[in-house]
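Visitor: First the structure, which I've put down as structure tokens, then a few questions once you've had a look.
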Amino acid sequence: MRRPTVEWQVAGACNYNCSYCIQSPKHRVGQPSREAVDRLLAFLSSLPGQWEVKMSGGEPFAFPLFLSRIVPGLVGETPHTVSVLTNLSTPLPALERFAEATRGRLGIVSASLHLEFTTAAAFLEKAVRLREWIGPFPSFVVNSVLVPGRLDEVLRARDAVEAAGLPFFPQVMKTKGGIFDYPEEDRPLLERLLGAGGDPRRENRAPSYFGRLCRAGLEYFVLTQSGDVFSCRTAKRFGEGFLGNALEGSVHLADEPRPCPYTICPCTVPANRGMVEGIGADARVAPAVLAGRPA
């Protein structure tokens, strides 16, 4: 079953500055005004049917209007499901407030563990509490980038996360051209983190769906803090797939699926929501492709 999805980059600003962040520094700045947020919420409320609005940034919780306006606006003014990608750096009272505000409407919490800025123990203290607060039904996954030269630290963190009863997703480090070419000395630990084989080129973390029909731009799109709408992340990265601006009222979504023109798909969201022919929630071929990938 397909799940129409918006990836809303609610703000650019992030309180972390990870050395491996694929998002360029020039995009990790800025926050929209209250007026802009109101207009973006109005745009989202105009989408037909029920969508999943997966919010990211930057760091969503670092944006003051996230909890005071965006979350209550989505819950109170739209029929959509609320999901979030967060580094869990916000204090526990804010996480509890989020859990209470989204009760019954929360889809997915994807919690990113960044060991350059926190410890596994400090992160897990918040992750376990948030898991308790949101209850058993929303999906909750911890992800962490496999930073070259630090895989032993990631492995220890994975063991701690799984010991706490939480799912762990190892993310192969991405580059603008695909995935990082890990040195030979990292291969043994890669195998332990990724499973048999351990070769990131065969772990399907930036796969090619070239030529497959994709509903990106039709039932999936990226919405930026400035209101720009792009058909997918890869299209945005290449300066393509522009569908208009939500603040200007000029957005025109595609009217039919189109063949994917790209040789990499570094974002798991379209495939996992059934946007790509034969992959993910709509899979009829090779469902094992999605094994171990975050929701």
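Visitor: Listed residues 105, 69, 39, 131; which is of a type in the set (Lys, Arg) and closer than 20 Å to residue 220 by Cβ? Even if it seems obvious, please write down each step before you answer.
Guide: Details: 69 fails: closer than 20 Å to residue 220 by Cβ; 39 fails: closer than 20 Å to residue 220 by Cβ; 131 fails: closer than 20 Å to residue 220 by Cβ.
Result of the check over 105, 69, 39, 131: 105.
Visitor: Given the condition of a type in the set (Asp, Glu), at pLDDT 95 or above and either loosely packed, with under 13 Cβ neighbours inside 10 Å or under 18 Å from residue 274 (Cα atoms) (or both), answer yes or no: does some residue in the range 222-230 qualify? Write out each step before concluding.
Guide: Here is the first cut: in the range 222-230, the ones of a type in the set (Asp, Glu) are 228.
Filter once more, keeping what is at pLDDT 95 or above: 228.
Pick out the ones that are also either loosely packed, with under 13 Cβ neighbours inside 10 Å or under 18 Å from residue 274 (Cα atoms) (or both) and you get none.
Scanning the range 222-230, I find no residue that is of a type in the set (Asp, Glu), at pLDDT 95 or above and either loosely packed, with under 13 Cβ neighbours inside 10 Å or under 18 Å from residue 274 (Cα atoms) (or both), so the answer is no.
Visitor: Mind checking whether some residue in the range 35-54 is polar (S, T, N, Q), under 30 Å from residue 118 (Cα atoms) and more than 18 Å from the chain's Cα centre (by Cα)?
Guide: Within the range 35-54, the subset polar (S, T, N, Q) is 45-46, 50.
Within this subset, residues satisfying the condition of being under 30 Å from residue 118 (Cα atoms) are none.
No - not one qualifying residue is present in the range 35-54.
Visitor: Select from the range 175-207 the residues that are exposed (fewer than 13 other Cβ atoms within 10 Å of the Cβ) and at pLDDT 85 or above and write down the one among them that is nearest to the chain's Cα centre (by Cα).
Guide: 181
Visitor: Go through the range 99-137 and report how many residues are hydroxyl-bearing (Ser, Thr, Tyr) and surrounded by fewer than 20 Cβ atoms within 10 Å (Cβ to Cβ). Explain how you work it out, then say what you get.
Guide: Initially, the range 99-137 is screened for residues hydroxyl-bearing (Ser, Thr, Tyr), giving 102, 110, 112, 118-119.
When the remaining residues are screened for being surrounded by fewer than 20 Cβ atoms within 10 Å (Cβ to Cβ), the result is 118-119.
Result for the range 99-137: 2.
Visitor: Are there any pairs with C-beta distances below 7 angstrom linking a residue in the range 34-61 that is among the β-branched types (Val, Ile, Thr) to a residue that is modelled with pLDDT of 95 or more and assigned to a loop (DSSP other than H, G, I, E, B), with the two at least 6 apart or on different chains, and if so which?
Guide: 53/80
Visitor: Considering only residues of the range 118-164 that are over 20 Å from the mean Cα position of the chain (by Cα) and basic (Lys, Arg), which is farthest from residue 19 (Cα to Cα)?
Guide: 129
Visitor: Among the listed residues 150, 156, which satisfies the condition of being more than 15 Å from residue 87 (Cβ to Cβ), touching a helix residue (DSSP H, G or I) at 6+ places or on another chain (Cβ under 8 Å) and among the basic types (Lys, Arg)? Reasoning before the result, please.
Guide: On the way: 150 fails: touching a helix residue (DSSP H, G or I) at 6+ places or on another chain (Cβ under 8 Å).
The match here is 156.
Visitor: Working only within the range 238-253, note down all residues that are under 20 Å from residue 22 (Cβ atoms) and crowded, with 18+ Cβ neighbours inside 10 Å.
Guide: 241, the sole residue that qualifies.
The values are calculated or read from the model by the stated rules, or taken from the named source; none is laboratory data. Because the structure is a prediction, the values reported are computed rather than measured. We place every Cβ from the backbone using ideal geometry, glycine too, and count neighbours over all the protein chains shown.
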